[in-house]
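These notes are about the structure you will find just below.
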Amino acid sequence: MDVRKFDSVEALNQAAAAMIIEAVKETPHLVLGLSTGNSPIGVYQRLIADHRENGTSYKEVTTFNLDEYEGLDENSPQSYRYFMNEQLFDHLDIAKENTHVPSGVGDLAENCKEYERLIEAAGGIGIQLIGIGTNGHIAFNEPGTSFESLTHIADLSQETIDANAKYFPSPGDIPSRAISMGIQSIMNARKVIMVAFGQSKARAVKEMLEGPVSTELPASVLQGHPDAIILLDREAASLLSN
Ligand code: GLP
């Protein structure tokens with residue numbers, strides 16, 4: 001893995017955004033895997049600023065998001081589809097029909113299969129941007145999830161429910177299940193860019209990079225990815241041996 005440490009979150013965001021912008025310029029029809037949560041917001045702000053200032057176009061780009069809560073649709077401010085529209089898609093020249101977020105409503109099992117079909121039909125994901133949960137999860141692949149998993153219905157761990165409850169009006173409102181791309185779906189991406197910052201991520205980052213490859217720490221699977229770039233700030237890197 002290519003591990004890069006930055007003195008500030010701003011520098012980290014800048015580096016991640018630059019990689020994506022370069023890739024979009026080089027491959028205008030790039031298939032981009034995207035994520036939600038606090039981690040990618042600064043990257044998205046830089047993509048939007050670059051689009052406005054330099055005109056980088058996303059007209060031919062296709063996107064696939066990692067996950068979505070069960071029972072929430074695009075009208076729910078807590079849904080990941082709503083988040084993506086608000087934080088990124090509404091501010092780029094991307095065609096909405098080329099942006100994909102798993103659907104958490106309707107026949108979930110069918111939605112999972114359809115999502116994998118769509119990724120395959122698009123030619124697979126070129127670059128996948130991801131964060132990491134405090135328990136080492138990637139997307140909503142909680143500890144214990146099979147490394148062979150494709151898009152599936154995921155039960156959220158109590159740690160994840162507690163960590164994400166802050167985004168909901170009241171803690172009891174957070175769904176306990178989600179649709180998530182699987183670990184294999186993420187490993188299938190040709191390049192993975194992880195952004196992790198803050199002290200709360202330090203333990204998971206250390207175990208991901210220095211621990212054994214184990215389903216108990218889902219992100220450790222990235223040790224076997226041929227092109228994974230891990231961008232860390234000082235705090236997230238603070239427990240690393242070197
Ligand atoms: C969430 C998401 C993940 C995200 C992680 C970290 O539960 N499903 O995709 O990477 O947890 O979230 P944050 O970036 O807010 O710390």
message = Can you tell me which residue is nearest to the ligand (Cβ to nearest atom) among those in the range 123-154 that are farther than 24 Å from residue 71 by Cα and out of contact with any helix residue (DSSP H, G or I) (no Cβ under 9 Å at 6 or more places or on another chain)?
response = 124
request  = Of the conditions (1) within 28 Å of residue 123 (Cα to Cα); (2) open to solvent by 10 Å² or more (accessible area, probe 1.4 Å), residue 238 clears all except one; give me its number.
outcome  = (1)
ask   = Which ones in the range 79-97 are within 16 Å of the chain's Cα centre (by Cα) and in contact (Cβ under 8 Å) with a residue 40 or more places away in the chain?
value = 80, 83, 84, 87, 88
task = Identify the single condition in (1) within 11 Å of the ligand (Cβ to nearest atom); (2) open to solvent by 60 Å² or more (accessible area, probe 1.4 Å); (3) of a type in the set (S, T, N, Q) that residue 160 does not satisfy, given that it satisfies every other one.
result = (2)
Candidates 234, 203 - the one that is away from the ligand (no atom under 13 Å from the Cβ) and touching a Leu at 6+ places or on another chain (Cβ under 8 Å) = 203
query = Restricting the first residue to the range 34-60 and requiring it to be among the charged types (D, E, K, R), which pairs with a second residue that is open to solvent by 60 Å² or more (accessible area, probe 1.4 Å) meet a Cβ separation below 9 Å and a spacing of at least six or different chains?
reply = 46/14; 52/91; 60/29
message = Anything in the range 104-114 that is part of a helix (DSSP H, G or I) and touching a residue at least 24 places away in the same chain (Cβ under 8 Å)? List them, or say none.
response = 108, 109, 111, 112, 113
ask   = Tell me, which strands (runs of 3 or more DSSP E) lie completely within the range 1-103 with 3 or more residues that are in contact with an Asp or Glu (Cβ under 8 Å, 6 or more places away or on another chain) and surrounded by 16 or more Cβ atoms within 10 Å (Cβ to Cβ)?
value = none
remark   = Across the range 174-200, the tally of residues that are open to solvent by 10 Å² or more (accessible area, probe 1.4 Å), within 13 Å of residue 115 (Cβ to Cβ) and within 10 Å of the ligand (Cβ to nearest atom) stands at 0
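The values are calculated or read from the model by the stated rules, or taken from the named source; none is laboratory data. Quick caveat: nothing in here was measured; it's all calculated off a predicted structure. Note that we place each Cβ from the backbone using ideal geometry, even for glycine, and neighbour counts take in every protein chain shown. To get the accessible areas, we keep the full protein, side chains included, count just its heavy atoms, and leave off ligands, DNA and RNA. Shrake-Rupley method; radii C 1.70, N 1.55, O 1.52, S 1.80 Å.
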